[in-house]
Amino acid sequence: MARIAVVPGDGIGREVIEQGVRVLKALQPGLEYEWFDLGAEKYLAEGVTMPDGLMERWRSDFDCIYLGALGDPRVPSNVHAKDILLGARFQLDLYINLRPIKLLDARYCPLKDVGPKDMDIMVFRENTEGLYTGIGGQFKRGTQDEVAIEAEMNTRKGVERIIRAAFEYADKHGKTKICMSDKSNAMRHGHDLWQRVFKLVAAEYPAIASSHLYVDVLAMELVRHPAQFEVIVTNNLFGDIITDLGAILQGGIGLAGSGNINPGEVSLFEPVHGSAPDIAGQGLANPLAAILAAAMMLEYLGFVEDAAAVNAAVAACLINDQITPELGGKLSTSQVGDAVLARLSV
């Protein structure tokens, strides 16, 4: 049976992950869990972000990592969050950041006349290259002559595998359209590579309509007419920004789950919201993003029907106002978890 490494993290991460684990245990009682107390408290007490050998143990001993939010104002550098989350992305080669933009209840969309049938998009964000690799440096720091350089890295391997993953997903799930987004009119070297590889891979899937939009146009079109999109593939930076825009369109960051995936290998699933230390421990945290991330994990592990059931239960809770105050409801974090479980009949 699959093994899951649970990292509750900081702040509300602990509260929302607890609700997600309740759902997982109810649907698949045979899953095995090991909890890892990583986060700000450990860093502040021991000066340790990631214990030696832990990343290799995750790689060899676990099928999935279930991660809560990371971040604490007592650690202004956020070094522990970077070492844990970015460390996992790079060291475990989690090259697919999978972000659904799926509207579950039209009331929570800020766009007029947009319903669930108009917004069901899967975004494939490249997760290990681009501008987030930390390549660059500073010269004459702190002086009037300071120079700061941030370099974007794009490799043929990295670009091709994320584009191919998007086409394989579309082919498997009956999607008919893929849009690739870049800024090749201004970034003529790295994004020319995206253009060429996209055309090559698209030619292998003639039944799927392929299109291209510059990222600024994509942002406008997501707001103007989201129904035109089914699958979007883009680079690390643009994917980060576009999916946060998408989260607001689907009802807020509290409804956004994500997967950091290396197909066939240990992969990481998380809500994309922050640790919200100002409301931690008060029962105010919205657990639905964590529960939706758990549904993504279930699907990754092969429990497709369970994943669909969780998504349906979350939608029903939204429609029936079984929600936390963040969304205008009156339930606590654990009461929302109760409501989801009740709708799963488990």
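The values are calculated or read from the model by the stated rules, or taken from the named source; none is laboratory data. The model shown is predicted, which means the values in this text are computed figures rather than measured ones. Methodologically, a virtual Cβ is constructed for each residue, glycine included, from the backbone with ideal geometry; neighbour enumeration extends over all protein chains shown.
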**Asked** In region 58-88, how many residues are surrounded by fewer than 14 Cβ atoms within 10 Å (Cβ to Cβ) and more than 21 Å from the chain's Cα centre (by Cα)?
**Response** 6
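Residue-by-condition table, conditions (1) in contact with a Leu (Cβ under 9 Å, 6 or more places away or on another chain); (2) part of a loop (DSSP other than H, G, I, E, B); (3) over 20 Å from Ala227 (Cα atoms):
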position	(1), (2), (3)
Met180	yes, no, no
Met187	no, yes, yes
Tyr205	no, yes, yes
Ser210	no, no, no
**Message:** Restricting to region 176-189, and then to whatever is in contact (Cβ under 8 Å) with a residue 40 or more places away in the chain and more than 20 Å from the chain's Cα centre (by Cα), can you tell me which residue is farthest from Glu150 (Cα to Cα)?
**Reply:** Thr176
**Complete:** Taking region 103-141 and keeping residues under 25 Å from Gly174 (Cα atoms) and assigned to a loop (DSSP other than H, G, I, E, B) leaves Leu103, Leu104, Asp105, Val114, Gly115, Met119, Asn127
**Item:** Within region 152-180, tally of residues that are crowded, with 18+ Cβ neighbours inside 10 Å and touching a Ser or Thr at 6+ places or on another chain (Cβ under 9 Å)
**Value:** 8
**Item:** Whichever residue in region 71-102 is part of a helix (DSSP H, G or I) and small (Gly, Ala, Ser) and, among such residues, is nearest to Leu255 (Cα to Cα)
**Value:** Ala81
**Prompt:** Can you tell me which residue in region 264-274 is surrounded by the most Cβ atoms within 10 Å (Cβ to Cβ), limited to those that are within 15 Å of the chain's Cα centre (by Cα) and of a type outside the set (Asp, Glu)?
**Reply:** Pro271
**Request:** Please work out if Arg164 is assigned by TED's automatic domain parsing to the domain that holds Asn236, among the basic types (Lys, Arg) and more than 30 Å from Phe229 (Cβ to Cβ).
**Result:** no
**Asked** So which residues in region 14-53 are under 12 Å from Gly68 (Cα atoms), at pLDDT 95 or above and not hydrophobic (A, V, I, L, M, F, W, C)?
**Response** Glu15, Glu18, Gln19, Gly20
**Request:** Would you please list the contacts, defined by Cβ atoms under 7 Å and residues six or more apart or on different chains, that run from a residue in region 317-346 that is among the hydroxyl-bearing types (Ser, Thr, Tyr) to a residue that is outside any loop (DSSP other than H, G, I, E, B)?
**Result:** Thr324/Thr333; Thr324/Val336; Thr333/Glu15; Thr333/Val16; Thr333/Gln19; Ser334/Gln19
**Request:** Specify which of the listed residues (Asp278, Asp240) is of a type in the set (D, E, K, R) and touching a Phe, Trp or Tyr at 6+ places or on another chain (Cβ under 9 Å).
**Result:** Asp240
**Message:** Anything in region 37-57 that is closer than 28 Å to Asn286 by Cβ and touching a Phe, Trp or Tyr at 6+ places or on another chain (Cβ under 9 Å)? List them, or say none.
**Reply:** Thr49
